[in-house]
Amino acid sequence: MSTETIVDTIAAQPASSAAASNTITAAEEARRSFATRALRAGYDPAEHANASSVPIYATAAYQLRDEEHATQIASFELADNIYTRISNPTTNVLEQRLAALHGVEGAVATASGLAAVTYSLLNAALGGGRILTTYRLYGGTVATFSDVLPDYGIGVDIVPNPDDPESWNAAILPDTKALLVESVSNPLSIVADIEALAAVAHKHGIILIVDNTLATPYLVNPFEYGADVVVYSTTKAINGHGNAIGGVVLESGAFDYANGNYPQFERKEWFFKSRERVERSVLEIAPTTPFTSRLRGILVTLLGAAPSPFDSYLTLIGLETLKARLAQETASTERVVGFLEEQREAGRITAIYHPAAHDYPYRELADKYLTRGYDTVIAFDVDTEERKRRVLDALRLFSLQANLGDSKSLAIDPFVVTHPELTLDELRIAGITPSTIRLSIGLEETDDLIADLRQALDSAYAA
Ligand SMILES: *Cc1c(COP(=O)(O)O)cnc(C)c1O
């Protein structure tokens, strides 16, 4: 059978039989639970040669049907693909699946989590705006505050007391454009009061950006508490297998970007012109998703940190099992914290930073926001920097890796490896000491993980 005949045969079938019966409506999808959406949302095999696994569209460009097709896409009348730096069908499935998991519409994937963070900040605060935040952040994010953003005209202010919403409120300046927090901070698992911070931001007509990487969309959906923009490093638990770098930016669709604080969403831009070559604002072409549409159009497309479709594929495969992984990992993490508590009793550990630790100061917030289990990152302190080195060197199952959320359990030194960008002062404010160890709990048998920690501590305290 020639290709042409096959195509004719497919075309001859009644349109309803193949497509309509299996196509899921948005309302139907919204009723499905998290685990189901993580496996199914945003993908209809009928639209991809019936492939069960999302195909990797390894293509730089797309064959345009004719000039009219090209014009429709170029003037934003039709959402279709021209070039993979702008959009790619594999990546689109990832974006739509993550959007569905959050119950929102707007999502754009980036080549890394840091690109998701920085593009969000550039999108919110261009032209001399300011970001209000804390040092309870991933080290790379803090580094952009000292080494990158101010050079491009974006100011960064650190809130004096991040635990107090009133302190945030008082630190907002006339040109502050966004509050930025990690819902669960890296590495000390400090839970932010998203609802209170959203209320503060909205009182000033500005947005709250939440980095939800450690919590994952399974443990908390920040949009349910008023977040306007949520970013992830998908490199971590969303992928969960440590085999690709990636990020994503999502938006609630509820914020009014025409409130006078964000001229970049209202001003006419040549990039968004109509087929008549009339300049338009991003709000005109994408009224329900202005933040991510501008981020895709101006920042991903023109600054260029677009994800590879192969990486999007790997991320999609990992995302399928997010709930199953988290269910085991959160339970395992609590048992590991229990073991560390015993070691603290025995005088070998001086502090434990995790919501399951008995003296964790943010328990109320953790119980409010992390209703499906606490996060899988544990930090703890031993008595000296030298002891920390000995514990890390003695571990035989935990791998020393600058990653987290992996299916394999990892250990790392935040002072030396993940947060070296912070000055000693910033580290002190962030709560990281020279003898802090960060663990990320994976899927190995919990008994094996505890046995490894036990022998490492035994060996570090011997002699
Ligand atoms: C790792 C991480 C990032 C950066 O993501 P990359 O994918 O490594 O670029 C940002 N935020 C948090 C909380 C992280 O853990």
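The values are calculated or read from the model by the stated rules, or taken from the named source; none is laboratory data. Because the structure is a prediction, the values reported are computed rather than measured. Here the Cβ positions follow ideal geometry from the backbone for every residue, glycine too, while neighbour counts run over all protein chains shown. Only protein heavy atoms, including side chains, enter the accessible area calculation; ligands, DNA and RNA are left aside. Shrake-Rupley method; radii C 1.70, N 1.55, O 1.52, S 1.80 Å.
Regarding region 127-144, can at least one residue be identified that is at pLDDT 95 or above, open to solvent by less than 30 Å² (accessible area, probe 1.4 Å), of a type in the set (A, V, I, L, M) and more than 16 Å from the ligand (Cβ to nearest atom)? Yes: one or more hits. For region 225-235, the condition holds for at least one residue, the condition being that it is away from the ligand (no atom under 16 Å from the Cβ), at negative phi and open to solvent by 10 Å² or more (accessible area, probe 1.4 Å).
Scanning region 104-126 for residues that are surrounded by fewer than 24 Cβ atoms within 10 Å (Cβ to Cβ), within 9 Å of the ligand (Cβ to nearest atom) and not aliphatic (A, V, I, L, M) turns up just one, SER112. Is region 312-324 home to any residue that is out of contact with any Ser or Thr (no Cβ under 7 Å at 6 or more places or on another chain), in contact (Cβ under 8 Å) with a residue 24 or more places away in the chain and under 22 Å from ALA79 (Cα atoms)? Yes, the conditions are met somewhere in region 312-324.
Residue-level check: of (1) surrounded by fewer than 22 Cβ atoms within 10 Å (Cβ to Cβ); (2) away from the ligand (no atom under 16 Å from the Cβ), PHE398 misses just (1).
Among the residues of region 236-272, write down those that are polar (S, T, N, Q) and away from the ligand (no atom under 14 Å from the Cβ). Outline the logic, then answer.
Taking region 236-272 as the starting set, the residues that turn out to be polar (S, T, N, Q) are 239, 243, 252, 259, 261, 264.
Matches in region 236-272: SER252, ASN259, ASN261, GLN264.
Return a yes/no flag: does region 190-206 have any residue that is within 16 Å of the ligand (Cβ to nearest atom) and either open to solvent by 40 Å² or more (accessible area, probe 1.4 Å) or modelled with pLDDT under 95 (or both). The answer is no; no qualifying residue exists. Go through THR110, THR144, THR118 for me and flag whichever is within 30 Å of PRO45 (Cα to Cα), in contact with a helix residue (DSSP H, G or I) (Cβ under 6 Å, 6 or more places away or on another chain) and of a type in the set (Ser, Thr, Tyr). Only one candidate qualifies: THR110. The set of residues in region 149-177 being in contact (Cβ under 8 Å) with a residue 40 or more places away in the chain and buried (at least 24 other Cβ atoms within 10 Å of the Cβ) consists of LYS177 alone. Within the set GLY347, GLY405, the sole residue that is at positive phi, modelled with pLDDT of 95 or more and surrounded by 22 or more Cβ atoms within 10 Å (Cβ to Cβ) turns out to be GLY405.
Do we find that SER435 is within 29 Å of the chain's Cα centre (by Cα), hydroxyl-bearing (Ser, Thr, Tyr), away from the ligand (no atom under 16 Å from the Cβ) and over 23 Å from SER233 (Cα atoms) in this structure?
yes
Scanning region 270-283 for residues that are of a type outside the set (Lys, Arg), open to solvent by 20 Å² or more (accessible area, probe 1.4 Å) and in contact with a helix residue (DSSP H, G or I) (Cβ under 7 Å, 6 or more places away or on another chain) turns up PHE271, GLU279, LEU283.
Can you confirm whether region 371-383 contains a residue that is aromatic (Phe, Trp, Tyr), without any contact (Cβ under 8 Å) to a residue 60 or more places away in the chain and open to solvent by less than 10 Å² (accessible area, probe 1.4 Å)? Let's see the steps before the verdict.
First, pick out the residues of region 371-383 that are aromatic (Phe, Trp, Tyr): 374, 380.
Still in the list and also without any contact (Cβ under 8 Å) to a residue 60 or more places away in the chain: 380.
Subset that is open to solvent by less than 10 Å² (accessible area, probe 1.4 Å): 380.
Yes, the conditions are met somewhere in region 371-383.
Just wondering, is there one or more residues in region 65-73 that are in the same structural domain as ALA306 (by TED's automatic domain parsing), assigned to a loop (DSSP other than H, G, I, E, B) and not acidic (Asp, Glu)? So far as region 65-73 goes, yes, one or more of its residues are in the same structural domain as ALA306 (by TED's automatic domain parsing), assigned to a loop (DSSP other than H, G, I, E, B) and not acidic (Asp, Glu).
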